[in-house]
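Okay, so here's the structure we're looking at.
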Amino acid sequence: MTDGKFHFRLGIAIGAALFLACLLGSTSMSPVRVAATFIGMGTDAESIVIFSIRLPRALTALAVGAALGASGAALQGLLRNPLAEPGVLGVSAAATLGATLSIYYGLASLTAWFVPIASVLGAVAATSLIAIAASRVRSVSTLILLGVGLSSFIAALMSLLLSLAPNPFTMAEMINWTLGSVANRSHRDLLFAAPFIGGGLTVLLAARRGLTVLTLGEEAASGSGLDIQKHRSLVIIGTGLATGGAVALAGAIGFVGIVAPHIVRPFVGYDPARTLVPSALTGGLLLVIADIAVRLIPTSAELKLGVLAALLGAPVFALIAFQRRGLHG
């Protein structure tokens with residue numbers, strides 16, 4: 001299958017998922033009424049439900065999933081490790097820590113830009129640390145353990161912040177960031193995060209050709225003319241911007257960056273450069289579908305999207321790790 005056909009099919013699937021996201025929910029709407037609303041023939045109530053509630057939420061899930069899917073594919077190409085992903089390596093946790101610090105100290109109330117900026121700074125710092133470690137540590141297992149250790153340390157800092165929260169409202173807001181959700185997101189929220197996610201994806205796309213060259217190894221890649229340091233910096237900046245923007249928009253949502261590239265890799269000939277775009281599309285599709293499931297699962301309180309992503313993604317992560325161990329003895 002050519003890349004164009006694969007992307008087209010993913011685009012069709014995303015369009016169908018977005019339509020379902022607008023169709024399904026607590027308020028029953030028929031496909032005909034949803035279609036009529038999209039062409040301006042719906043009632044005021046239907047327009048509010050679709051354009052102010054359901055569509056922004058679905059687009060938020062799409063943007064966050066795309067950012068995490070592309071970031072996971074880029075990190076896996078850079079580190080040449082299918083287990084690399086913003087959540088596993090502590091990048092998402094660092095971005096979440098940055099966001100919650102801005103909430104804890106009241107900076108988020110000064111301007112809406114503080115949360116995304118703090119998230120991006122946290123993500124960039126963690127990605128830089130992992131990249132430096134990757135250049136010095138040859139063992140993939142050791143690198144993953146470093147990421148897990150970083151995540152654990154940040155989790156401890158998060159627990160400390162929660163225990164020192166000045167009031168229940170601040171604590172509740174911080175907990176929401178750690179669990180991950182796209183509920184109650186508006187077009188305004190999307191506009192604030194769009195520069196970070198869009199900028200990050202643009203940088204990653206600019207660096208994608210180098211990911212293919214890196215499959216030969218750093219020495220061979222350098223010999224072929226690739227500037228390793230520049231390429232590593234581009235991936236770090238792109239991943240930091242995209243992941244930071246995603247966390248600022250929806251909080252911590254893990255495992256999308258592992259699952260999406262793993263799904264698309266067989267369809268693109270296991271080429272890291274060709275994996276980037278379909279991983280973004282697949283990540284967005286998966287998160288839109290997961291958010292639809294979150295809304296339909298009959299629970300007394302709506303399940304958090306990050307919780308469902310972890311419940312589904314963690315077994316997939318374990319399966320990939322087991323298969324990799326089997327391949328390498």
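The table below lists the values:
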| read-out | value |
| --- | --- |
| Candidate set from segment 32-50 (those that are open to solvent by 70 Å² or more (accessible area, probe 1.4 Å) and in a helix (DSSP H, G or I)); member that is nearest to Ala70 (Cα to Cα) | Phe38 |
| One residue from Val316, Val259, Val288 being open to solvent by less than 10 Å² (accessible area, probe 1.4 Å), touching a helix residue (DSSP H, G or I) at 6+ places or on another chain (Cβ under 8 Å) and either at negative phi or part of a loop (DSSP other than H, G, I, E, B) (or both) | Val288 |
| Any hit, segment 227-247, residues being over 21 Å from Leu59 (Cβ atoms), modelled with pLDDT under 90 and outside any helix (DSSP H, G or I) | yes |
| Residue that is modelled with the highest pLDDT, among those in segment 168-212 that are among the polar types (S, T, N, Q) and open to solvent by 60 Å² or more (accessible area, probe 1.4 Å) | Thr202 |
| All positions within segment 145-161 that are modelled with pLDDT under 85 and buried (at least 20 other Cβ atoms within 10 Å of the Cβ) | Gly147 |
| Complete set of residues in segment 150-189 that are in contact (Cβ under 8 Å) with a residue 40 or more places away in the chain, among the small types (Gly, Ala, Ser) and assigned to a helix (DSSP H, G or I) | Ser151, Ala155 |
| Index of the failed condition, Val137 passing every other in (1) within 19 Å of Leu241 (Cβ to Cβ); (2) surrounded by fewer than 18 Cβ atoms within 10 Å (Cβ to Cβ); (3) among the hydrophobic types (A, V, I, L, M, F, W, C) | (1) |
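The values are calculated or read from the model by the stated rules, or taken from the named source; none is laboratory data. As the structure is a prediction and not an experimental result, all values here were calculated from the model. Glycine gets a Cβ as well: all are built from the backbone with ideal geometry, and neighbour counts include every protein chain shown. Just the protein is used for accessible areas: all its heavy atoms, side chains included, with ligands, DNA and RNA removed. Shrake-Rupley method; radii C 1.70, N 1.55, O 1.52, S 1.80 Å.
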